[in-house]
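One structure is given here, and the rest of the page talks about it.
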Amino acid sequence: MRRLLACLAHLFFVVCLYAPPAASQGVERLTIATSAGERVFSVEVMRTDAERAKGLMYRRYMPEDRGMLFDFKQVAPVAMWMQNTYIPLDMLFIRADGTIARIEEHTEPLSTRTIPSGEPVLAVLELNAGTSAKLGIKAGDRVAHPLFKR
C-alpha cells in the first residue's frame, strides 16, 4: 500500500511538473508590428509575483505561436534569468507605450546569469529562441496588447 501511494504521489508530481498551464489562466492575443508586417502570438500573462517567479520554469516545450508576457505593474529597470528554464528564449523588454526597448536573443537554458532590461520597462515578452530573427522583430517595433497604452 505504501509503495502504491508513493507511486501515485510521484505520478502526481510528474503530471503537475510537465502539465500545460491551467485552462483557467488561458491565453491572450498579442500582436507585434514589424517592418515585414504584423506577427500574432497567443500569450500567457504573468500578473502576480508568484506567476512571474515561476514563468516558464520546468517546461520543456512551447508552441511556435505562443509566448509568455510578464506584467511588472510599474515602469522600472528589471532583470530576468533562466534558472530552471529548459527552453532557450528570446526576451523582449517592452516600454509602457508598447515599444520594444531591447531584445536578448537565445538566452541560455538553466543559467542564473541575470539579463537586465537596460532601461525602465513595463513588461517582458518571452518567445522561443530565434523567433525574433526569424520574424524580423526588432527594437523599436510596437507591441499591441491591452497592457500597453497607445
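Please go through the range 134-145 and give me each residue that is assigned to a loop (DSSP other than H, G, I, E, B), charged (D, E, K, R) and either surrounded by fewer than 13 Cβ atoms within 10 Å (Cβ to Cβ) or out of contact with any helix residue (DSSP H, G or I) (no Cβ under 9 Å at 6 or more places or on another chain) (or both), ordered by number.
The answer is Asp141, and nothing else.
Checking Glu126 against (1) among the acidic types (Asp, Glu); (2) touching a helix residue (DSSP H, G or I) at 6+ places or on another chain (Cβ under 8 Å); (3) buried (at least 16 other Cβ atoms within 10 Å of the Cβ): exactly one of these is not met. Which one?
(2)
Residues that are more than 17 Å from Thr34 (Cα to Cα), at pLDDT 95 or above and among the polar types (S, T, N, Q): does the range 89-103 have at least one?
no
What residue, of Phe148, Phe70, is under 20 Å from Ser42 (Cβ atoms) and in contact with a helix residue (DSSP H, G or I) (Cβ under 7 Å, 6 or more places away or on another chain)?
Phe70
Within the range 100-117, restricting attention to residues that are of a type in the set (Gly, Ala, Ser) and without any contact (Cβ under 8 Å) to a residue 40 or more places away in the chain, which residue is surrounded by the fewest Cβ atoms within 10 Å (Cβ to Cβ)?
The extreme case among them is Ser111.
The values are calculated or read from the model by the stated rules, or taken from the named source; none is laboratory data. Everything numeric here is computed off the predicted structure, so don't read it as measured data. Every residue, glycine among them, receives a Cβ derived from its backbone with ideal geometry; neighbour counts consider all protein chains shown.
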